[in-house]
Amino acid sequence: MVEEKIDINGLVLMKPSIFNDERGAFFESYNKLKYDTLIDGPIDFMQDNISISKKNVLRGLHFQKHPMSQGKLVQVIKGSVLDIAVDLRKTSPTYGEHYKVELNDKNKFQLWIPEGFAHGFVTLQDDTIFSYKCTNLYSKDDEMDLLWNDPLLNIDWGIESPILSHKDKSAMNFRDFNYTF
């Protein structure tokens, strides 16, 4: 496993060692001891989620407030996404900045997104299977979301008219975000 530190403190891109031969491929997708070292501290996952989406579905930008905030380890099982994490930690020098990376079933990259970030992705292929390992349980009462195309966030999603849920269409603007992690 190779880690790549990101310019936004706390985010870590994991690049697994993939072993290919005539039978197919093998890679270690999670090892608690290695990951605890890579992300500077122990993490305990409480919930795993899988989403299956057709091409051009955009999910996000989602997060949960305390006490139910979540860290997430995300990866693509099948297909491809453009994955986005937005720093919502008001004391961070990168507050309001975002990081984006393509995660797909070829590169097997994983992105660690700690608490204090909004997260979203847009699918680049039909039948994309996306996996989230979460450090806390889902809580409808604590969920929040930011508008995916908010001009203050200035995120280039590479798509003009994504397929959105009602919740994502009516998300709050970043200028109205007033929560401290």
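Just checking, does region 5-17 include any residue being within 21 Å of TRP148 (Cβ to Cβ), at pLDDT 90 or above and either surrounded by fewer than 17 Cβ atoms within 10 Å (Cβ to Cβ) or under 15 Å from the mean Cα position of the chain (by Cα) (or both)? Don't jump to the end; show me each part of the working.
Within region 5-17, the first condition is being within 21 Å of TRP148 (Cβ to Cβ), and the residues that meet it are 6, 8, 11.
Next, only the ones that are at pLDDT 90 or above stay: 8, 11.
Going one step further and asking which of them are either surrounded by fewer than 17 Cβ atoms within 10 Å (Cβ to Cβ) or under 15 Å from the mean Cα position of the chain (by Cα) (or both), we end up with 8, 11.
Scanning region 5-17 turns up at least one residue that is within 21 Å of TRP148 (Cβ to Cβ), at pLDDT 90 or above and either surrounded by fewer than 17 Cβ atoms within 10 Å (Cβ to Cβ) or under 15 Å from the mean Cα position of the chain (by Cα) (or both).
Take the conditions in contact with a Pro (Cβ under 7 Å, 6 or more places away or on another chain), in contact (Cβ under 8 Å) with a residue 40 or more places away in the chain and under 18 Å from THR128 (Cα atoms) and apply them to LEU58. Does it pass?
Numbers: in contact with a Pro (Cβ under 7 Å, 6 or more places away or on another chain): yes; in contact (Cβ under 8 Å) with a residue 40 or more places away in the chain: yes; under 18 Å from THR128 (Cα atoms): yes.
It is true that LEU58 is in contact with a Pro (Cβ under 7 Å, 6 or more places away or on another chain), in contact (Cβ under 8 Å) with a residue 40 or more places away in the chain and under 18 Å from THR128 (Cα atoms).
Test SER51 against the stated conditions and say whether it is within 29 Å of ALA25 (Cβ to Cβ) and in contact with a strand residue (DSSP E or B) (Cβ under 7 Å, 6 or more places away or on another chain).
Working: within 29 Å of ALA25 (Cβ to Cβ): yes; in contact with a strand residue (DSSP E or B) (Cβ under 7 Å, 6 or more places away or on another chain): yes.
It is true that SER51 is within 29 Å of ALA25 (Cβ to Cβ) and in contact with a strand residue (DSSP E or B) (Cβ under 7 Å, 6 or more places away or on another chain).
Return the residue satisfying two criteria in turn: it lies in region 94-110 and is in a strand (DSSP E or B) and polar (S, T, N, Q), and of such residues it is nearest to the chain's Cα centre (by Cα). Steps first, please.
Within region 94-110, the subset in a strand (DSSP E or B) is 98-104, 110.
Subset that is polar (S, T, N, Q): 104, 110.
Working: ASN104: 13, GLN110: 9 Å.
Once the filter is applied, the top-ranked residue is GLN110.
For region 161-181, what are the residues that are modelled with pLDDT under 95 and either under 20 Å from LEU103 (Cα atoms) or under 18 Å from the mean Cα position of the chain (by Cα) (or both)?
Listed by number, the list holds a single entry, PHE181.
How many residues does region 82-99 hold that are surrounded by 15 or more Cβ atoms within 10 Å (Cβ to Cβ) and of a type in the set (Phe, Trp, Tyr)? Walk me through it before giving the result.
First, the residues of region 82-99 that are surrounded by 15 or more Cβ atoms within 10 Å (Cβ to Cβ): 82-89, 92, 94, 96, 98-99.
Now restrict to residues that are of a type in the set (Phe, Trp, Tyr): 99.
Total satisfying the criteria: 1.
Tell me, please, whether a residue that is touching a residue at least 40 places away in the same chain (Cβ under 8 Å) and under 16 Å from ASN49 (Cβ atoms) can be found in region 103-110. Full working, then the answer.
Here is the first cut: in region 103-110, the ones touching a residue at least 40 places away in the same chain (Cβ under 8 Å) are 107-110.
Among the residues that remain, those that are also under 16 Å from ASN49 (Cβ atoms) are: 110.
Checked region 103-110: at least one residue is touching a residue at least 40 places away in the same chain (Cβ under 8 Å) and under 16 Å from ASN49 (Cβ atoms).
Of everything in region 51-78 that's crowded, with 17+ Cβ neighbours inside 10 Å and among the β-branched types (Val, Ile, Thr), which residue is farthest from ASP142 (Cα to Cα)?
The selected residue is VAL76.
Given the conditions (1) charged (D, E, K, R); (2) within 30 Å of GLU160 (Cα to Cα); (3) under 18 Å from the mean Cα position of the chain (by Cα), report the number of the one that ASP44 does not fulfil.
With (1) charged (D, E, K, R); (2) within 30 Å of GLU160 (Cα to Cα); (3) under 18 Å from the mean Cα position of the chain (by Cα) applied to ASP44, the lone miss is (2).
In region 167-181, how many are over 24 Å from SER92 (Cβ atoms), out of contact with any Gly (no Cβ under 8 Å at 6 or more places or on another chain) and assigned to a helix (DSSP H, G or I)? Walk me through how you get there before you give the answer.
As a first pass, look at region 167-181 and keep what is over 24 Å from SER92 (Cβ atoms): 167-170.
Adding the requirement that they be out of contact with any Gly (no Cβ under 8 Å at 6 or more places or on another chain) leaves 167, 169-170.
After this cut, where a residue has to be assigned to a helix (DSSP H, G or I) as well, the list is 167, 169.
Summing the residues that are over 24 Å from SER92 (Cβ atoms), out of contact with any Gly (no Cβ under 8 Å at 6 or more places or on another chain) and assigned to a helix (DSSP H, G or I) in region 167-181 gives 2.
One line per residue, one yes/no per condition, for (1) in contact with a strand residue (DSSP E or B) (Cβ under 8 Å, 6 or more places away or on another chain); (2) modelled with pLDDT under 95; (3) closer than 20 Å to GLN75 by Cα; (4) crowded, with 16+ Cβ neighbours inside 10 Å:
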{"position": "VAL101", "(1), (2), (3), (4)": "yes, no, yes, yes"}
{"position": "LYS108", "(1), (2), (3), (4)": "yes, no, yes, yes"}
{"position": "TRP112", "(1), (2), (3), (4)": "yes, no, yes, yes"}
{"position": "LEU124", "(1), (2), (3), (4)": "yes, no, yes, yes"}
{"position": "TYR132", "(1), (2), (3), (4)": "yes, no, yes, yes"}
{"position": "GLU143", "(1), (2), (3), (4)": "yes, no, no, no"}
{"position": "LEU146", "(1), (2), (3), (4)": "yes, no, no, yes"}
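Quick check on region 31-47. Is at least one of its residues farther than 24 Å from LYS5 by Cβ and of a type in the set (Phe, Trp, Tyr)? Let's see the steps before the verdict.
First pass over region 31-47, keeping only residues farther than 24 Å from LYS5 by Cβ: 46-47.
Restricting the remaining residues to those that are of a type in the set (Phe, Trp, Tyr) gives none.
There is no residue in region 31-47 that is farther than 24 Å from LYS5 by Cβ and of a type in the set (Phe, Trp, Tyr).
The values are calculated or read from the model by the stated rules, or taken from the named source; none is laboratory data. Keep in mind the model is a prediction, meaning the values are calculated, not measured. Methodologically, a virtual Cβ is constructed for each residue, glycine included, from the backbone with ideal geometry; neighbour enumeration extends over all protein chains shown.
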